[in-house]
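The values are calculated or read from the model by the stated rules, or taken from the named source; none is laboratory data. Here the structure is a predicted model, which means the values were calculated and not measured. No Cβ is skipped: glycine too gets one built from the backbone with ideal geometry, and neighbour counts run over all protein chains shown.
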Amino acid sequence: MNIILLGPPGAGKGTQARHLVETRGMIQLSTGDMLREAKTSGTEMGKKVAEIMDAGKLVTDEIVIGLIEEKLQSEAGAGFIFDGFPRTLAQADALAALLAKLGQSLHTVIEMRVDDEALVKRISGRFTCGNCGEVYHDETKPTKVEGVCDKCGGTEMVRRADDNEESLRTRLMEYYKKTSPLIGYYYAKGDLRPVNGLADIDEVTASIEAILS
């Protein structure tokens with residue numbers, strides 16, 4: 001089973017991907033993680049990635065698809081979760097061609113729908129545990145003991161530099177310009193399944209499980 005988690009920054013894609021990894025044994029393919037991993041791998045592809053990133057340039061779609069192909073061929077699990085890819089219609093076509101080439105298919109595309117204003121409020125107060133990645137919020141989900149992670153007991157709390165209203169609105173605009181056309185693309189293919197991304201985390205998880213089951 002291969003799925004795409006689609007939605008604007010802060011919609012909770014990473015949280016839901018982690019749940020699917022833990023409960024279903026799926027493999028999360030995050031392009032950011034793959035690029036960082038490739039950069040230090042020492043492989044021919046990794047050297048290309050390092051050269052491009054060190055020069056401050058954008059990695060081409062062709063290279064990203066190449067990294068995804070390596071992952072699809074080298075790792076086995078209960079399916080793959082594409083998180084942060086595709087971002088454009090060209091990437092969506094390239095992914096479809098790659099899956100067809102490997103004799104695989106896309107099971108579903110889960111669109112995590114959000115309200116922009118509510119999302120800005122939610123993200124502006126967000127922080128994570130630097131040790132285990134558990135996500136918290138100043139208002140809706142503070143740690144039980146200030147500065148201590150409920151899950152692992154870690155004391156290093158991290159706030160993303162761009163988790164503020166101005167940065168988030170810029171990222172949202174970028175998403176709507178480049179990535180939102182994918183909603184129509186996958187709807188036309190009959191693959192799109194929407195969920196309320198601003199519901200309680202457990203509710204969102206239940207909605208996604210219902211779709212996948």
Limited to region 135-191, what total is found for residues that are in contact (Cβ under 8 Å) with a residue 12 or more places away in the chain, in contact with a Lys or Arg (Cβ under 9 Å, 6 or more places away or on another chain) and of a type in the set (S, T, N, Q)? 2
Scanning region 49-82 residue by residue, the ones that are among the charged types (D, E, K, R) and modelled with pLDDT of 85 or more total 6
Of the residues in region 176-198, those that are of a type in the set (Gly, Ala, Ser) and surrounded by 16 or more Cβ atoms within 10 Å (Cβ to Cβ) number 1
Just name the residue that is farthest from the chain's Cα centre (by Cα) out of those in region 96-116 that are within 22 Å of Leu168 (Cα to Cα) and in a loop (DSSP other than H, G, I, E, B). Asp115
Region 117-134: number of residues that are outside any strand (DSSP E or B) and either in contact (Cβ under 8 Å) with a residue 60 or more places away in the chain or at positive phi (or both): 5
Scanning for something in contact with a strand residue (DSSP E or B) (Cβ under 9 Å, 6 or more places away or on another chain), surrounded by fewer than 18 Cβ atoms within 10 Å (Cβ to Cβ) and either of a type in the set (Val, Ile, Thr) or without any contact (Cβ under 8 Å) to a residue 60 or more places away in the chain (or both), does region 34-57 turn up at least one residue? no
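For (1) surrounded by fewer than 17 Cβ atoms within 10 Å (Cβ to Cβ); (2) of a type in the set (A, V, I, L, M); (3) more than 24 Å from Val21 (Cα to Cα), each residue gets a yes or a no:
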| position | (1), (2), (3) |
| --- | --- |
| Lys101 | yes, no, yes |
| Gln104 | yes, no, no |
| Arg113 | yes, no, no |
| Val120 | no, yes, yes |
| Tyr136 | no, no, no |
Have a look at Gly130, Gly125 and point out the one that is touching a Ser or Thr at 6+ places or on another chain (Cβ under 9 Å), more than 21 Å from Leu182 (Cα to Cα), surrounded by 15 or more Cβ atoms within 10 Å (Cβ to Cβ) and of a type outside the set (Val, Ile, Thr). Gly125
Tally of residues being closer than 28 Å to Ser180 by Cβ and surrounded by fewer than 21 Cβ atoms within 10 Å (Cβ to Cβ) across region 10-28: 9
Taking helices (runs of 4 or more DSSP H) that fall entirely within region 1-95, which contain at least 3 residues that are farther than 28 Å from Arg113 by Cβ? 31-39, 44-54, 61-74
